[in-house]
Every structure is written in C-alpha cells, then in structure tokens.
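The values are calculated or read from the model by the stated rules, or taken from the named source; none is laboratory data. Not measured: the values here are computed from a predicted model. FYI the Cβ positions are ideal-geometry reconstructions off the backbone, even for glycines, and counts take in every protein chain you see. In case anyone asks, the SASA skips ligands and DNA or RNA and just uses the protein heavy atoms, side chains included. Shrake-Rupley method; radii C 1.70, N 1.55, O 1.52, S 1.80 Å.
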Amino acid sequence: MSDSSKPPVIAIDGPTASGKGTVAALVANALGFHYLDSGALYRLVSLASEREGISTENASFLSKIAASMLVSFQNGQIMLGNEDVSDLIRTEKIGRRASKLAVHPEVRQALVRLQHDFRQNPGLVADGRDMASVLFPDARLKVFLTASVAARAERRYKQLIAKGFSANMSDLLLDLTARDARDSSRGSAPLIVAEGAIVLDTSDLSIDQAVSQVMRWYEASSKSSA
Ligand code: DC
C-alpha cells in the first residue's frame, strides 16, 4: 500500500540493459520527480573498490567503501568525490563487478540510507532490481520492465559503441545471460517481479511507447489512491 504521508514513488525494476534507466529518467523528467539510478551506486562501489584492488568477495571492505564513498549526482553527471565518473562506471567490466559485489547483504545494507534519501517531494522514480521489493515496498506504482535477451544485447551494443567503447555481440549475450542468472538467483534481494508489480515487455516498444505506458499507469494509480 502506498503511504500518502510520504512523497510518491514509482519503482521500475528489471534486468540489465532492459531500458529501465532511460524510461525511468524520462518519466521522472515528465513528472518533475527526482530520479534514483540505484545501479549507478553499485557501479560506483565497483569502480572505487577496483581502484583500491579490493576483491568482489571482500564483503566487509566493500561495505566500508559503500558507506564512505562521496557520491553526488549533478546535472546528469555522476561524481565520485570531485571526479566525473559518468562514463567510467558504464563499462561492462565495472557492471560485471557490480553484479558480483551486489550479492553481499552487507554491501546492500550500506547503500539503503543513501537510496532512501532520494525520496523527496514532489516524488521519486527509482530504478534498479529491488526498488519495489525492498527499498520502496509502498511505491505507488511498481513496474517490472524487461525485454528479450537479444533485444537487450542489441541495445547495450549500440550504447557502448555510441560511447566509443568496443563491443562484441556474442560476448554481450553471454555476459547478459550470466548477469541475469546472478542477479536473479542471489539470496539477498534478488531480481524478482515484486508483488503488485506490472510487467512491461519493451522488446517491441519504442522508448516513447514505454514511457507513455508508465505515465498512463501512474495517472491511473494516482486517481485510485486519491
Ligand atoms: O542496472 P545496472 O546494470 O546499472 O546495475 C549494475 C549491477 O548492480 C547489477 O548487475 C546488479 C546490481 N544492482 C543491484 O543489485 N540492485 C539494484 N537495485 C541495482 C543494481
């Protein structure tokens, strides 16, 4: 149940490269809401810990990094301390490490407060894996946004090439499949379709169509909770 005393939340969960980040950011923009890219936080822990040579198995050290890293989101840029790391965190290597270190409950716990702090008026659109199930179970709208592995690999390929990174389709397919398996099977906050979530398969939808669908659902949910 949505708690009407708190700013409303739209939770958008889904597998990697499903387009949830793009859709969530556009919905937030259309509504004038804040936007939480929770995957970026795991990617930041991944980058910061890689630089310090810390293994993805070292849960206690990783959770210290997660709790102490200086993160800020400024005009679409993601800052670690004073450094703009927006592009550095988007590589496949950093994403793969993020998926590995995200299995540790201590690391997840260390990021809870930071994520809850994004819930500010007039509202929040939050994207990730456990937004509806763990972080914001009282979200007004819960969407599970997905697409076929082939469609997601193609999107990721285009994104990487557009950013000037090299990419290979068969490696991407293998990597996405492995990451889906790890994110869905971990014991702590696995990627699941949360209770009350609506599934949106975007394999054959444009970004605009996906955004419009989420907006329609949000309008309907706002009317029913008024
Ligand atoms: O959404 P993304 O690809 O940027 O996320 C990178 C990794 O971070 C993902 O493979 C698993 C982890 N993650 C998570 O465990 N929980 C979240 N809410 C968001 C991301």
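Hey, GLN209 hits all of (1) over 30 Å from ARG113 (Cβ atoms); (2) in contact with a His (Cβ under 7 Å, 6 or more places away or on another chain) but one; which does it fall short on?
Evaluating GLN209 over (1) over 30 Å from ARG113 (Cβ atoms); (2) in contact with a His (Cβ under 7 Å, 6 or more places away or on another chain) leaves (2) as the failure.
If ASN29 satisfies every condition in (1) more than 12 Å from the chain's Cα centre (by Cα); (2) under 23 Å from ASP183 (Cβ atoms); (3) not in a loop (DSSP other than H, G, I, E, B) but one, which is the exception?
Condition (2) is where ASN29 drops out.
When residues of the range 204-213 are filtered for being exposed (fewer than 15 other Cβ atoms within 10 Å of the Cβ) and assigned to a loop (DSSP other than H, G, I, E, B), how many remain?
2
Run ASP13 past the list (1) open to solvent by 20 Å² or more (accessible area, probe 1.4 Å); (2) touching a residue at least 40 places away in the same chain (Cβ under 8 Å); (3) within 13 Å of the ligand (Cβ to nearest atom); (4) farther than 17 Å from ASP117 by Cβ and report the number of the one that doesn't hold.
Tallying (1) open to solvent by 20 Å² or more (accessible area, probe 1.4 Å); (2) touching a residue at least 40 places away in the same chain (Cβ under 8 Å); (3) within 13 Å of the ligand (Cβ to nearest atom); (4) farther than 17 Å from ASP117 by Cβ, ASP13 fails exactly one: (1).
Restricting attention to the range 100-138, which residues are open to solvent by 10 Å² or more (accessible area, probe 1.4 Å), assigned to a loop (DSSP other than H, G, I, E, B), within 29 Å of SER212 (Cβ to Cβ) and of a type outside the set (D, E, K, R)?
The answer is PHE118, GLN120, ASN121, PRO122, PRO137.
Please find, among LEU101, LEU111, LEU124, the residue that is modelled with pLDDT of 95 or more, more than 27 Å from ILE54 (Cα to Cα) and either near the ligand (Cβ under 10 Å from one of its atoms) or among the aliphatic types (A, V, I, L, M) (or both).
LEU124
Taking the conditions exactly as written (within 28 Å of GLN159 (Cα to Cα), open to solvent by less than 10 Å² (accessible area, probe 1.4 Å) and in contact (Cβ under 8 Å) with a residue 12 or more places away in the chain), does VAL23 satisfy them or not?
Here the answer is yes, as VAL23 does meet what is asked.
Looking only at residues that are in contact (Cβ under 8 Å) with a residue 40 or more places away in the chain, hydroxyl-bearing (Ser, Thr, Tyr) and out of contact with any strand residue (DSSP E or B) (no Cβ under 9 Å at 6 or more places or on another chain) in the range 26-56, which one is most open to solvent (accessible area, probe 1.4 Å)?
THR56
If you go through the range 22-31 one residue at a time, do you hit one that is within 11 Å of the ligand (Cβ to nearest atom) and either at pLDDT 95 or above or within 19 Å of PRO190 (Cβ to Cβ) (or both)?
Yes, some residue in the range 22-31 is within 11 Å of the ligand (Cβ to nearest atom) and either at pLDDT 95 or above or within 19 Å of PRO190 (Cβ to Cβ) (or both).
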